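I have placed the structure first, in the form of structure tokens, so that the comments after it can refer back to it.
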Ligand code: ADP
Ligand code: ADP
């Protein structure tokens, strides 16, 4: 009874093996981190789960249903990337409201849900500004808000704090943890920062050379003899 299952996923780019017969299972509400060096296949695995880049073979199951060939829009998955990817011509309010408008949520509900999630990331006061008027850290908090606002049951984050300095990273790590505890979605998080993985995760999945080398709690991986 898993929230998310990947079975024997394999992906190649010409001669490059990006993902080698990789299997992974996640429980509902779990915070799992993929930790590994650049080029180890983390993004490839995330994209396969999101449906943005299908594996050559293998299967993805969401809520016990085969999802390998479902379009991304039918997977109930939210994503946050390293580069924020806010819409530059939209206000912060409209950026965060966007996924709700796509889902035909009514205007009153949009107003209250956007206000609530902006409060959660402590940025209610910038609702009428544009992304270029915000710092990098603020923009990334808005990107988080835009993902959490429609409450996808699975959230994939690809090095969401990679572009920020150490102080901001620490603060946002806490905010992401709080959001996760408050809303309880299943989170698959990508980083190459071991400390970050240890602070945030229920379990860590160590990736290297297109494969999962080890998986376990931070305790299992780093503190047991
Ligand atoms: P990570 O996210 O761990 O940095 P990636 O999944 O991005 O790793 O990449 C895994 C391997 O696949 C790397 O060798 C990378 O260069 C290669 N790769 C990823 N995407 C492409 C692509 N679109 N075309 C060719 N090679 C790719
Ligand atoms: P990350 O390390 O966070 O995965 P990358 O810089 O490796 O980010 O990859 C960014 C984008 O470039 C991804 O969409 C990936 O698929 C693509 N990419 C990565 N490596 C290659 C490659 N060797 N050739 C073509 N595209 C690539």
Looking at 37, 71, which is the one that is more than 16 Å from ligand 1 (Cβ to nearest atom) and more than 18 Å from residue 8 (Cβ to Cβ)? 71
Could you check the stretch 37-75 and list, in sequence order, the residues that are at positive phi and touching a strand residue (DSSP E or B) at 6+ places or on another chain (Cβ under 6 Å)? 41, 58
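Grab the helices (runs of 4 or more DSSP H) fully contained in the stretch 6-124, keeping just those with 3 or more residues being within 12 Å of ligand 2 (Cβ to nearest atom) and surrounded by 14 or more Cβ atoms within 10 Å (Cβ to Cβ).
Details: elements: 42-50, 92-102, 107-120.
Correct list: 42-50.
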Neighbours by Cβ (under 9 Å, 6+ apart or cross-chain): first from the stretch 45-68, farther than 20 Å from residue 212 by Cα and at pLDDT 95 or above; second in a loop (DSSP other than H, G, I, E, B) and within 16 Å of ligand 2 (Cβ to nearest atom): 67/51
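Does any residue of the stretch 4-18 turn out to be within 11 Å of ligand 1 (Cβ to nearest atom), under 22 Å from residue 221 (Cβ atoms), touching a residue at least 40 places away in the same chain (Cβ under 8 Å) and in contact with a strand residue (DSSP E or B) (Cβ under 7 Å, 6 or more places away or on another chain)?
From the stretch 4-18, those within 11 Å of ligand 1 (Cβ to nearest atom) are 11-18; that's our starting set.
Of the ones still in play, those that are also under 22 Å from residue 221 (Cβ atoms) are none.
Looking through the stretch 4-18, none of the residues is within 11 Å of ligand 1 (Cβ to nearest atom), under 22 Å from residue 221 (Cβ atoms), touching a residue at least 40 places away in the same chain (Cβ under 8 Å) and in contact with a strand residue (DSSP E or B) (Cβ under 7 Å, 6 or more places away or on another chain).
The values are calculated or read from the model by the stated rules, or taken from the named source; none is laboratory data. Keep in mind the model is a prediction, meaning the values are calculated, not measured. Using ideal geometry, Cβ is built from the backbone for each residue, glycine included, and neighbour counts are taken over all protein chains shown.
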